[in-house]
Every structure is written in structure tokens, then in C-alpha cells.
Amino acid sequence: MDVCLLIRQRLAELELEQKDLAAAAEVTESYVSQLLARKKMPPAPDRTDIYEKMSRLLKLPPGKLSKLADLQRKDELKKSLSDPPAPLFKEVRELILRKCSPAREAQIRAIFEKQPFGELERLVTQKLLDVVKKVAQEELESENWLRLVARMSRRSYEDMRVIVLEFLDTDVFNVSVENCVSFMDPLIESWDVDLASFGMEIVLNRRLAPGHSKRFEFVERPPDQPLKEEPGLREFLRDTSLSSGAAEEEIEFLKRLRFKEKHPTPLYYYRELQNLRDPLHFRGPVTGNAARKG
């Protein structure tokens, strides 16, 4: 049994209508109708609150609808993985470019047009989605916030809840024009990207987002080098008169000590262990009085 079938069954058993379900979930009746007609994919359980609201009305065990939705989504995902990703809608790309820093827009536009839905366009779109989704997820339970966004988009509260729920459920390959025009547009003020480091800065609408600016950096790091164990450390660990009682985290600390030319003796590691354990060698947390005295 899938989500739609179970919901329909419970509506019939309880003599309820779709409008009752829509009111309970605080969404439009049209959204419920499309969901039950399988014209819309059930939203991901971790990105929505409608299953909990619907379950209360339908008198279903907690988590029942969420579990069915998760299974149904996984089945649909398996079917869609073989399909090649479609390029962004023209209107979506135009909105993203319009929000780009004016100093960089022409350069970014040329790259987007030369490589439609290439690495840079996917990177930028994904980061914009991630940031706006985070705001939406945090504010989903705030009726005041939803009404503010709805007013800015000239929509009803219920319409905006549907838009947010659908937006939370989208991804970079399926972002729609409506997602952008109704939601991303009012939240994102501007964005910029450093084409050398691919670091991004995203500026959000101050009225709608608690964090005005978000910055993302992509830093190349060398791979961790394997730790070469010092002969003196091996001897120290074998000699129980020196290493007895050493905790795992203490041994790990000793292993990470590095020396360029000299090679320490087992006695060195013993003394290092004692230094590590001696409270006189470490400062405790600074209290308010101590801070004022300084």
C-alpha cells in the first residue's frame, strides 16, 4: 500500500473530504488533490511536516505515512536514476544570473551559455538551493514568516506553505520556475563566486533570513600522510614500567609528535606522558573574576 491509497482509505473510513485534509495540513486543496492523484511525488519525510498533521486527522500511528512515503520515494528514485539530467529552465537560469554580482554577471553568463548546466552552473544552483532550503526548513513552523513571504509574493498563506513544501522537496535537477519566482527570488538578494577558488558569497534578504550573508569556501588540502612510528615510541610502549596505564588518547597524542632529525628515546615519551597528565602544565577555564583582574 502506498501513501495515496492509505490516505484515501482513511478519508473514506472516517467520512472526511480532501478539504478536511488540506485544512489539517495547512495546504491548499489543490495540493492534496494532486498528491492523492499521484500527480505529485509524496514529499520527503525529513523536509516536511504534513505527515504528522495528516496522521493526527486520519488517526494513524505516528510515522506510518512517513515510512510509506520514504519507501515510495526510493522506488521512484531508482526509476529516475537512468534518465539524463535536464538543463535548467531558461527562466530559472535568468533569475540566477540576475542575482549575480553585476561585476561578474557577463563572465558567468558566458560560461553558463558555453557549458549549459555544466559544473559551474550546477555548483551555483546547488549552493543557492542549499542556503534557501536551510532558511525554509528553519522557518517552516513560523506562521508569521510564511505570511510575510506570502505577502511579498502576493499569495495566500496556504499557497505559500505548498510552495515551501515543494521547494524543500526539489533538487538541482528539478528546480522549477515557480520555485524560483515565488521563493528564491524574494530570499536571495545577490551572490558572487570567485572563479579561482570557487568560493561563493550569498547575500540574503534581511527581512526574511536571520543570517544576512553566507560564505562558502572550497579549499584544496593535501592528503593526510601516514604516521610513521618512532623506534623510541615502540620501545616505550613495549616497556610496561614506562607505559603502564597510558590511555588510548594519550598514546594517540604521542604517536602524532613529529621530529625532523632527532629521534627521541623511550624516556622522552615517558616524560612527555607525565607532562601531559600534570595539571600544572595546562590552564583551566578563565573565570569572570580572573578576566576582570587582568
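A few remarks follow.
- Residues that are within 22 Å of residue 166 (Cβ to Cβ) and surrounded by 13 or more Cβ atoms within 10 Å (Cβ to Cβ) within segment 12-30 comprise 18, 20, 21, 22, 23, 24, 25, 26, 27, 28, 29, 30, listed in sequence order.
- Of all residues in segment 109-132, those satisfying the criterion of being touching an Asp or Glu at 6+ places or on another chain (Cβ under 9 Å) and under 30 Å from residue 207 (Cβ atoms) are 112, 126, 129.
- Residue match in segment 80-97 (condition: out of contact with any helix residue (DSSP H, G or I) (no Cβ under 6 Å at 6 or more places or on another chain), aliphatic (A, V, I, L, M) and at pLDDT 85 or above): yes
- Residue 149 vs. criteria of a type outside the set (Ser, Thr, Tyr), at pLDDT 85 or above, crowded, with 17+ Cβ neighbours inside 10 Å and closer than 25 Å to residue 32 by Cα: no
- Residues located in segment 37-61, provided they are of a type in the set (Ser, Thr, Tyr) and over 17 Å from the mean Cα position of the chain (by Cα): 51, 55
Yes/no per residue for (1) in the same structural domain as residue 183 (by TED's automatic domain parsing); (2) part of a helix (DSSP H, G or I); (3) closer than 21 Å to residue 53 by Cα:
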residue	(1), (2), (3)
120	yes, yes, no
124	yes, yes, no
127	yes, yes, no
130	yes, yes, no
138	yes, yes, yes
141	yes, no, yes
145	yes, yes, yes
148	yes, yes, no
151	yes, yes, no
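- In segment 153-173, residue surrounded by the fewest Cβ atoms within 10 Å (Cβ to Cβ) [restricted to those that are among the hydroxyl-bearing types (Ser, Thr, Tyr) and not in a helix (DSSP H, G or I)]: 156
- Filter result for the condition that a residue is at pLDDT 85 or above and surrounded by 12 or more Cβ atoms within 10 Å (Cβ to Cβ), over 69, 103, 37, 110: 69
- Applying the criterion of at least 1 residues that are modelled with pLDDT under 80 to the strands (runs of 3 or more DSSP E) found wholly in segment 177-258 leaves 213-216.
- Answer residue from segment 133-158, given it is more than 19 Å from residue 205 (Cβ to Cβ) and of a type outside the set (Ser, Thr, Tyr) and is nearest to the chain's Cα centre (by Cα) among those: 141
- The residue pairs whose first member lies in segment 106-120 and is more than 14 Å from residue 96 (Cβ to Cβ), whose second member is of a type in the set (D, E, K, R), and whose beta carbons are closer than 8 Å, counting only pairs six or more residues apart or on different chains, are 115/121.
The values are calculated or read from the model by the stated rules, or taken from the named source; none is laboratory data. In this text the structure is predicted, and so the values were computed from the model without any measurement. All Cβ positions, glycine included, derive from the backbone under ideal geometry; neighbour counts span all protein chains shown.
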